[in-house]
Amino acid sequence: MPVLNGIKAASKIRWLTDYFPILIFSADVPVGKEYLQDKGIDDWIEKSCGPNYLYEKINEWCSLRAIRINKGDKFFKIEKEIPMNSQHAQQIKKLKEQGLSLMSIFGTSTEATFVVNELVPEYIEHEFTENQNQSVKFLDHNPEAKGGCCLFAKTSMVVKTFMVDEDFEEENENERKKLKKVMVSSKK
């Protein structure tokens, strides 16, 4: 680029705008991921890659979303939000690789953020809108709250009933089976 190189341009973009993913497409080997992240760059793609790989990388970063559930007096809404910053994007990316998602719930007696199976937000929406259930139980996979179990109702939420590792693993397996079964039946 004639005036700024990519790293300086990324730093300036980060300074002037809200967060969105910035990927460098370059033939030069990057200095290091930490250095690039400090400059506001989320990932580096080598120019010698094929178009399919480039598309996959762009799609990977542009599809990163955290889930936000808003519960109002007369509405229930699930939204997908772009990450707030690069660290938030990295966290969501790592969770996605494990089949997990970051989910925040607002508008009940308790407002909190959880690490959940990636199907839980769809499951909550399915149960509340299609089945008219009053509450949904799900596990919190947050490493700091290992063994957390939550009950989310249309009016409130009970958070963090703790269980031993063996019980958590058993509940996790049961949750996976239940979520897959519900998602398969809702797609018919």
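The values are calculated or read from the model by the stated rules, or taken from the named source; none is laboratory data. As the structure is a prediction and not an experimental result, all values here were calculated from the model. Heads up, the Cβs are rebuilt from the backbone with ideal geometry, glycines too, and the neighbour counts pull from every protein chain shown. Accessible surface is based on the protein model in full, side chains and every heavy atom, while ligands, DNA and RNA are left aside. Shrake-Rupley method; radii C 1.70, N 1.55, O 1.52, S 1.80 Å.
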Q | Leading residue by the ranking (nearest to ASN70 (Cα to Cα)) among those in the range 130-164 that are among the β-branched types (Val, Ile, Thr) and under 20 Å from the mean Cα position of the chain (by Cα) | A | VAL136
(Q) Given the condition at positive phi, among the basic types (Lys, Arg) and without any contact (Cβ under 8 Å) to a residue 24 or more places away in the chain, answer yes or no: does some residue in the range 151-160 qualify? (A) yes
Q. Does ILE92 qualify as being hydrophobic (A, V, I, L, M, F, W, C), out of contact with any Leu (no Cβ under 7 Å at 6 or more places or on another chain) and touching a residue at least 12 places away in the same chain (Cβ under 8 Å)?
A. no
Q) Can you list the strands (runs of 3 or more DSSP E) found entirely within the range 43-107 that contain at least 2 residues being open to solvent by less than 50 Å² (accessible area, probe 1.4 Å) and of a type in the set (Gly, Ala, Ser)? A) 100-106
**Q.** Qualifying residue in the range 152-161 (condition: open to solvent by 20 Å² or more (accessible area, probe 1.4 Å), out of contact with any Lys or Arg (no Cβ under 6 Å at 6 or more places or on another chain) and basic (Lys, Arg))
**A.** yes
Q. Can you tell me which residues in the range 118-127 are closer than 15 Å to ALA66 by Cβ and open to solvent by less than 20 Å² (accessible area, probe 1.4 Å)?
A. VAL120, PRO121, ILE124
Q) Pick from VAL136, VAL116: which is in contact (Cβ under 8 Å) with a residue 12 or more places away in the chain and either touching a helix residue (DSSP H, G or I) at 6+ places or on another chain (Cβ under 6 Å) or not in a strand (DSSP E or B) (or both)? A) VAL136
(Q) Restricting to the range 166-188, and then to whatever is in a helix (DSSP H, G or I) and modelled with pLDDT under 85, can you tell me which residue is most open to solvent (accessible area, probe 1.4 Å)? (A) LYS181
Q. Which members of the range 1-37 meet the condition of being hydrophobic (A, V, I, L, M, F, W, C), farther than 19 Å from SER63 by Cα, surrounded by 13 or more Cβ atoms within 10 Å (Cβ to Cβ) and in contact with a strand residue (DSSP E or B) (Cβ under 8 Å, 6 or more places away or on another chain)?
A. ILE7, ALA10, LEU36
Q) All but one of (1) closer than 30 Å to LYS39 by Cβ; (2) at pLDDT below 85 hold for THR161; which doesn't? A) (1)
